[in-house]
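The values are calculated or read from the model by the stated rules, or taken from the named source; none is laboratory data. Note that this is a predicted model, so its numbers are computed, not measured. Positions of Cβ are generated from backbone atoms using ideal geometry, with glycine treated the same way; all protein chains shown enter the neighbour counts.
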Amino acid sequence: MNTQLKQLREERKLSCARLAEEINTTEDNIKLWEEGKLEIPNSTLKDLAMVLSCSLDEILGLRQEGYTGYCSIFAREFEQTSGRDIIAYYGGVELTFNGVEEVQDYPIDEKVAESIYKCFRHRYDDEESWGKWLIIETLNNYILFINLDYLKSAYVYSDDKEPAPTFYNPEIYRILTDWDKVHPESDIQEIAKIFDISEALSQGIKSLVQELEANDKNWNSWEKFNYLNIYWSDGSKSLHFLDNILCSDLSEFQDGIVEVKFIREEDEGGSMEFINLEKVALIEIPATKFWEIRCQEDEEGNLINYRDLSIYLPPLPRNNNQN
């Protein structure tokens with residue numbers, strides 16, 4: 001299987017020996033993977049994504065656009081080496097809303113920064129094409145539905161100006177989304193088996209979860225990665241479980257298929273709540289869970305193949321005969 005591993009390694013000026021040391025393997029394995037003579041195990045792929053600061057899709061050559069969590073100054077060097085377009089970490093955007101006291105701050109990449117600029121710079125030249133909502137995807141696992149009627153300001157800043165909030169590789173968010181599979185007594189070996197990752201990565205993520213829990217007594221991974229937050233125009237906030245019905249309504253809204261004024265939340269007991277979007281200032285949607293449900297509900301099964309749609313798309317199935 002052909003990969004972009006060699007290109008990614010050379011862009012980052014890493015030798016085979018150094019990369020092998022970073023992921024605890026041999027130089028021979030690195031060379032065989034780069035030549036396509038040996039398939040990269042799933043667990044090793046995720047380690048490579050961490051070390052190279054990229055997505056699995058980029059290693060496997062499934063994305064037309066490059067992606068990196070590195071800032072733009074490094075990405076420009078990668079572009080010069082490879083001759084391909086690379087989307088880099090840009091900085092952040094602070095959003096303030098009428099009626100909402102809390103200021104929201106999100107890390108974003110260059111593509112999102114450009115889309116925000118185009119929206120506000122050209123909105124009044126082409127009002128109908130933008131409508132009253134701006135939808136963007138952040139680097140910390142959110143899809144944001146921003147109601148421009150309530151938006152007071154959007155402060156976009158580069159990492160040269162100030163650091164944005166912390167964010168992690170998309171594969172980290174994929175694991176955290178399913179962290180409820182881990183029991184409190186699970187050891188590193190069990191965690192590695194659950195997620196098909198290396199023990200080193202298992203230890204790193206377990207330490208990260210412990211740090212998040214220590215810094216926030218109300219931390220709940222299930223709520224964080226499976227519920228969406230709605231910030232209402234009156235300053236209140238509500239939490240809603242992201243199921244297939246709610247995801248379907250949000251997808252129609254995102255795709256502009258119909259003019260959506262209400263979205264639905266239904267529980268197993270038979271009740272249903274209709275949420276009036278006219279009264280909503282901001283919706284934070286966990287991106288990994290959203291794309292997971294969208295791909296599961298896609299009857300034709302084609303959505304998952306459009307890899308440039310999002311860095312949070314579920315991974316494509318691979319052969320299991322890996323060594």
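From the list Thr177, Thr138, which one is over 24 Å from Ala281 (Cα atoms) and modelled with pLDDT of 95 or more?
After ruling out the rest, the residue left standing is Thr177.
Quick one: which residue in Asp255, Asp243 is loosely packed, with under 15 Cβ neighbours inside 10 Å, within 19 Å of the chain's Cα centre (by Cα) and assigned by TED's automatic domain parsing to the domain that holds Leu144?
Numbers: Asp243 fails: loosely packed, with under 15 Cβ neighbours inside 10 Å.
Within the list Asp255, Asp243, the selection yields Asp255.
State all residues of the range 13-37 that are more than 24 Å from Ser202 (Cα to Cα), in contact with a Leu (Cβ under 6 Å, 6 or more places away or on another chain) and in contact (Cβ under 8 Å) with a residue 24 or more places away in the chain; if no residue qualifies, say none.
Within the range 13-37, Glu34 is the sole residue that qualifies.
Output the helices (runs of 4 or more DSSP H) that fall wholly within the range 100-199 and possess 1 or more residues being in contact (Cβ under 8 Å) with a residue 40 or more places away in the chain and surrounded by 13 or more Cβ atoms within 10 Å (Cβ to Cβ), or say none.
Qualifying helices (runs of 4 or more DSSP H): 110-122, 170-177, 188-195.
Can you pull out the strands (runs of 3 or more DSSP E) entirely within the range 222-323 that have at least 1 residues that are without any contact (Cβ under 8 Å) to a residue 12 or more places away in the chain?
Correct list: 237-241, 272-276.
Looking at (1) loosely packed, with under 13 Cβ neighbours inside 10 Å; (2) part of a loop (DSSP other than H, G, I, E, B); (3) not assigned by TED's automatic domain parsing to the domain that holds Glu292, which is the only condition Gln210 fails?
Result: Gln210 fails condition (2) only.
When you check Glu278 against the structure, is it within 25 Å of Gln104 (Cα to Cα) and more than 22 Å from the chain's Cα centre (by Cα), yes or no?
It is true that Glu278 is within 25 Å of Gln104 (Cα to Cα) and more than 22 Å from the chain's Cα centre (by Cα).
Working only within the range 236-265, note down all residues that are over 16 Å from Ala287 (Cβ atoms), among the charged types (D, E, K, R) and at pLDDT below 80.
Glu259
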